[in-house]
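The values are calculated or read from the model by the stated rules, or taken from the named source; none is laboratory data. Note that the structure is a prediction, hence the values are computed from the model and not measured. A quick note on method: Cβ atoms are made from the backbone with ideal geometry, for glycine too, and the neighbour counts reach across all protein chains shown.
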Amino acid sequence: MISIRLYQKKERIRADGKAPIYYVLAKGSQRKYIATKKYVQPGYFDNQKGLVKRGIDNSIKLNAYFKRKMTELDNIIIDLSNEGKEITFERIEQRFKNDFGKDFIAFALTELNSLKGLIASKTWIG
């Protein structure tokens, strides 16, 4: 099974004094780091708990954002398992980064179905 946690690479401090936070996928001794594209001062992130500490303005919002994204990662793993596909770091990352495509297709199909009967059947099928 693959576990997910947050980790800040405190040794990669930018010029503004902030360091990047990553989602870490772990399976046994293997690790895969996925950038969150969020940066926080190293003193305000707890690597043990995987949380932004209080003391910065948006800590509550950042923690909520990270929780949502980690839930998305969990759902991707569950979906891959339910589809009978091998759960690999590459598949998880691909779906996580390309999730917008799935949403667009669902949106397009909903719109198309709502037009059924209002447009010519050849247009709807075409």
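Quick notes on this structure:
- Listed by first and then second residue, the pairs linking a residue in region 101-113 that is part of a helix (DSSP H, G or I) to a residue that is among the acidic types (Asp, Glu) and at pLDDT 70 or above, with Cβ atoms under 6 Å apart and 6 or more places separating them unless they lie on different chains, form an empty list.
- When every residue of region 37-50 is checked against the conditions, at least one turns out to be closer than 24 Å to residue 89 by Cα, touching a strand residue (DSSP E or B) at 6+ places or on another chain (Cβ under 7 Å) and not in a loop (DSSP other than H, G, I, E, B).
- Output for region 43-53, where each listed residue is surrounded by fewer than 16 Cβ atoms within 10 Å (Cβ to Cβ) and under 25 Å from residue 15 (Cβ atoms): 43, 46, 47, 53
- Among the candidates 79, 74, the residue that is in contact with a helix residue (DSSP H, G or I) (Cβ under 8 Å, 6 or more places away or on another chain) and of a type in the set (Asp, Glu) is uniquely 79.
- When each of 71, 36, 88 is tested for being of a type in the set (Val, Ile, Thr), in contact with a Phe, Trp or Tyr (Cβ under 7 Å, 6 or more places away or on another chain) and under 18 Å from residue 3 (Cβ atoms), the lone residue that passes is 36.
- Within region 58-78, considering residues that are closer than 16 Å to residue 25 by Cα and among the charged types (D, E, K, R), the one surrounded by the most Cβ atoms within 10 Å (Cβ to Cβ): 69
- Test: residue in region 6-20 that is closer than 21 Å to residue 90 by Cβ, touching a helix residue (DSSP H, G or I) at 6+ places or on another chain (Cβ under 9 Å) and assigned to a strand (DSSP E or B): yes
- Looking across region 9-31 at every residue that is among the hydrophobic types (A, V, I, L, M, F, W, C) and within 14 Å of residue 47 (Cβ to Cβ), the one that is farthest from the chain's Cα centre (by Cα) is identified as 19.
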